[in-house]
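K.L.:
Quick one: structure below, then a few questions.
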Amino acid sequence: MDLHLRLSHLFFYKKNDNHIYLNIFFVQFVHPLYGAMLGHLRSKAFESFKIRLEQLLNKGEGVAASVRNCTQSCMLEFDQGCADAAIRQANWDASKVRTKLSHDIDAHASSVRSAKLTEIIANYEKELAEALIVPVESLFEVGSKDTWASIRRLLKRESKAAVLDFTTAIAGFELDQSTVDTMVENLRSFARNVVRKKAREEAGKVLIRMKERFSAVFNHDNDSMPRVWTGKEDIRKIMRDAHSASLRLLSVMAAIRLDEKPDKIENVLFSSLIDGTLTVSSSGDRSIGTSADPLASSTWEEVSPKETLITPVQCKSLWRQFKAETEYTVTQAVSAQLAELEPWKFGIVEEAHKRSNNWLPPPWAIVAMAVLGFNEFMLLLKNPLYLMVLFIAYLLSKALWVQMNISGEFRHGTVSTKEILVSSGWPNLHFVKVSPTVMNLLRRLAEEAQGGPKPEAPRPPQSLATQSFKYQSQSSSTTTVPESSVSSNISSSDNGLEYSSPNLTHRRSMKSEEAEVS
């Protein structure tokens, strides 16, 4: 009886054309297998959707159309698989699994659509940046009055071309018009930001650009040829033109002008820094005695702070630094021009002849001496006695020149030789160096008159006079050589005086030998 009740609960017997339906058996054993079969069909349909969508996109098909076609085919495949797996004896529903598959397909399609849109936007932004950065930089380097007008035209042209290509590229996404308008506006904003960023970058290098512009205008003529300062150029006018060109570049970089709004930046800079005209704001300021400097401000009139690159105060500081760093160039030009007008005053001819090892004056000086000294030359021809005196003076001067090694002294430079002469003192120079030289010459002449010079010991390369002369030039405490500096190297011995200087010892020995011979 109990077994019969259990079987009655487990099985329902229904006699219909000899078929027996076992409901509980299907629920506990067959339904899980059916669910697993639906899961397999869903996974297979989803993988098929991803593969087919990727293939269509690689062929260049539109994203929306590809997603729609792949979705339809995959859902149809899934429905067909569900129909094949259905059991006629059980009325089971596969709608939940189908809904899950539809959600998975929509999520994947949305991610693919977003990735493709991001890639397209990034590509067009990159192309737009490449089309703007280099031309904008070139326009900023020119720094003319039409710089910002040219930048606006360039920005408008490149943005229009990029927007046209972009809208064509995203047409396959079948987006609504509001979304397309938003994306187009974002692309235009990106182009403007590229120009703003480049403008701020160039504003940080404005001082370098100004010095380059000054050098280009000041050192080159209208034909871009290097200037040669011959003395006929108007340096003041050239300098003003170079300053004006540099200041115009500063005015261009002072603010961003992507909108066609007028401003007075250039006029304020020129009136304050070039012309030097400052306006007085009110009668009260005039009574106090203060003038309103238009550059003593942190904002420009009619220019918003967001569009300001260089404030008026910064412009004034940059101009002061610019003038200090370009002053040397102007000074060199003035010196070169004066050297052309007065070459002897600036030592140009002396330096040229020193480099060429030529002791003769330039040809024009020889001609001038010949013309101006014609009367003296005729006087010498009329009186031969003057010629003899001049010849003797020439021989004596030549001998002194060689003996005193004046050419060697001048190797230190004209300025250093003059300093040595002044610091040493002319009386010292006469008694220490000139007198022994003259006495030596006279002694040699006497020896030659008596029958020839006597053999002498080899002289050292440096004399006492030269040593004391160099010592005097190096000493900065006194202007003349004290006696202690000469006698400090002298000591007494049993045989007489003994000199520690090799030159003095040599002269002492020479005198003793002469005495023995005599």
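The values are calculated or read from the model by the stated rules, or taken from the named source; none is laboratory data. If you're wondering where the values come from, they're calculated on a predicted model, not measured in any experiment. Quick reminder, even Gly has a Cβ in these numbers, built from the backbone with ideal geometry, and neighbours come from all protein chains shown. Each accessible area value is taken on the protein alone, full model and side chains, heavy atoms only, with ligands, DNA and RNA left out. Shrake-Rupley method; radii C 1.70, N 1.55, O 1.52, S 1.80 Å.
K.L.:
Per-residue HN-Hα couplings for the stretch 241-249, Karplus 6.51 cos²θ - 1.76 cosθ + 1.60 at θ = phi - 60°, whole Hz, x for Gly and Pro?
P.N.:
5, 5, 5, 5, 5, 5, 5, 5, 5
K.L.:
In addition: For the stretch 128-237, compute Rg over Rh where Rg is the Cα radius of gyration and Rh is the Kirkwood radius from the inverse mean 1/r over Cα pairs.
P.N.:
Details: Rg = 21.1 Å, Rh = 17.1 Å.
Rounded to two decimals, Rg/Rh equals 1.23.
K.L.:
Provide the net charge surrounding S111, with neighbours chosen by a C-beta distance below 12 Å and charges set as Lys +1, Arg +1, Asp -1, Glu -1.
P.N.:
Working: positive: K50, R113, K116; negative: D104, D106.
Net local charge, S111 excluded: +1.
K.L.:
Shifting gears a bit: Keeping all protein chains in position, work out how much accessible area V134 exposes to a 1.4 Å probe, and write it in Å² to the nearest 10.
P.N.:
Solvent-accessible area, nearest 10 Å²: 90 Å².
K.L.:
Using a 1.4 Å probe, how large is the accessible area of H103, given in Å² and rounded to the nearest 10?
P.N.:
The value for H103 is about 120 Å².
K.L.:
Further question on the same structure: If I compute solvent accessible area with a 1.4 Å probe over the protein chains, what percent of it on the stretch 45-108 is carbon and sulfur?
P.N.:
Working: 1870 of 3970 Å².
Percent of accessible area from carbon and sulfur atoms in the stretch 45-108: 47.
K.L.:
Please compute the per residue accessible area over the stretch 121-175 with all protein chains in place, 1.4 Å probe, rounded to a whole number of Å². Kindly include the intermediate steps, with their values, before the conclusion.
P.N.:
Numbers: 3030 Å² over 55 residues.
Per residue, the stretch 121-175 has 55 Å² of solvent-accessible surface.
K.L.:
Taking amide H atoms as placed 1.01 Å from N in the peptide plane, list the residues 5 or more away in sequence, or in a different chain, whose amide H sits under 5 Å from that of W92.
P.N.:
Answer set, sorted by chain and number: I87.
K.L.:
Of the accessible area of the stretch 138-233, with the probe set at 1.4 angstrom, what percent is carbon plus sulfur?
P.N.:
Values: 2880 of 5630 Å².
The value for the stretch 138-233 is 51 percent carbon and sulfur by accessible area.
K.L.:
Can you figure out the FRET efficiency of E127 with T179, using R₀ = 22 Å and their beta-carbon distance, to the nearest 0.05? Present the calculation step by step, with values, prior to reporting the outcome.
P.N.:
On the way: r = 21 Å, r/R0 = 0.98.
The value I calculate is 0.55.
K.L.:
Please list 3J(HN,Hα) in residue order for the stretch 106-121, calculated via the Karplus relation 6.51 cos²θ - 1.76 cosθ + 1.60 where θ = phi - 60°; whole Hz, with x for glycine and proline.
P.N.:
5, 5, 5, 5, 5, 5, 5, 5, 5, 5, 5, 5, 4, 5, 5, 4
K.L.:
Let me ask something else about it. Taking the Cα centre of the stretch 74-157 as the origin and placing charges on Cβ (Lys, Arg +1; Asp, Glu -1), which of I151, A109, A131 is farthest toward the positive end of the dipole?
P.N.:
It is I151.
K.L.:
Also, I was wondering about something else. Once amide H atoms are built 1.01 Å from N in the peptide plane, which residues 5 or more positions from H220, or in another chain, come under 5 Å H to H?
P.N.:
Amide H to amide H, under 5 Å and 5 or more residues apart or across chains, H220 pairs with R227.
K.L.:
Could you derive backbone 3J(HN,Hα) for the stretch 259-270 from the dihedral phi with the Karplus parameters 6.51, -1.76 and 1.60 (θ = phi - 60°), listing whole Hz in sequence and x where the residue is Gly or Pro?
P.N.:
Whole-Hz 3J(HN,Hα) from phi for the stretch 259-270: 9, 6, 10, x, 8, 10, 5, 5, 5, 5, 5, 5.
K.L.:
Under 5 Å between amide hydrogens, which residues at least 5 positions from L295 or on another chain qualify, with H placed 1.01 Å from N in the peptide plane?
P.N.:
Here nothing satisfies the definition.
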